[in-house]
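Quick notes on the structure that follows.
The values are calculated or read from the model by the stated rules, or taken from the named source; none is laboratory data. Being a predicted model, the structure only gives us computed values, none of them experimental. Using ideal geometry, Cβ is built from the backbone for each residue, glycine included, and neighbour counts are taken over all protein chains shown.
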Amino acid sequence: MTAPVVFVVDDDVSVRESLEALISYEGWQVETFASAKGFLARPRSLAPSCLILDVHLPELNGLELQSRIAADRTDMPIIFITGHGDVPTTVKAMKGGAIEFLTKPFNDEALLAAVGNAIERSRAALGREAATRSVRDGYASLSSRERQVMKLVVSGLLNKQVGAELGISEITVKAHRGRVMRKMHAASLADLVKMAEQLPSRT
């Protein structure tokens, strides 16, 4: 994975500059935006990342931006910052998946701790996404017969039983099973069962 990126969206230039200096000093890359629309115009990052987001923004506010990116940026935790925090806004932000809600002026250490936590969460989410993608790619490379064998094998049938079910010899089942394990990069039957559970439909 590439170096983590911290995105900052705040319409106050002094806040953007101070956050950029603080976060850069910790060794993270920083990109700042004055508006939600400016942030949305940037292509999605494939690096571990988090978003420091001001609640009160012109045109599209922080909560609206949160709801807009909730579905397709699950790997990007959000840390809200605001100069005017209130309970309903905080509750709505946290229900929307924010991991932290800080009221200005906030403690630098608290913010940096939240960013560190967010980056680790993002890294883990990207890792899970990559693993799921690898499983789906492996499954897509299987022939229809190999998929049939995989389905029966992960359901708990022995090679002999799979052969009887499909009308093929046990040796042929073993050959198909070996190819399935190789293409799916499965080290064991338990691995293969876990992979099958990640597929959209248990086929």
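Within region 150-200, the set of residues being small (Gly, Ala, Ser), surrounded by 15 or more Cβ atoms within 10 Å (Cβ to Cβ) and part of a loop (DSSP other than H, G, I, E, B) comprises just one member, Ala186. The set of residues from region 68-88 being under 18 Å from Asp12 (Cβ atoms) and modelled with pLDDT under 80 comprises His84, Gly85.
Among residues of region 5-25 that are surrounded by 15 or more Cβ atoms within 10 Å (Cβ to Cβ), those with a Cβ under 7 angstrom from a residue that is acidic (Asp, Glu), sequence gap 6+ or separate chain, pair up as Val5/Glu31; Phe7/Glu31; Val8/Glu20; Val9/Asp54; Asp10/Asp54; Asp11/Asp54; Arg16/Asp10; Leu22/Asp108. Taken over region 11-55, the criterion of being more than 20 Å from Leu102 (Cβ to Cβ) and of a type in the set (D, E, K, R) is satisfied by Lys37, Arg42, Arg44. Do we find that Ser49 is out of contact with any Ser or Thr (no Cβ under 8 Å at 6 or more places or on another chain) and of a type in the set (S, T, N, Q) in this structure? Taking the combined requirement at face value, the residue does not satisfy it.
Hey, could you check region 4-25 for residues that are touching a Leu at 6+ places or on another chain (Cβ under 6 Å) and either assigned to a loop (DSSP other than H, G, I, E, B) or not β-branched (Val, Ile, Thr) (or both) and say which is modelled with the lowest pLDDT? It comes out as Asp11.
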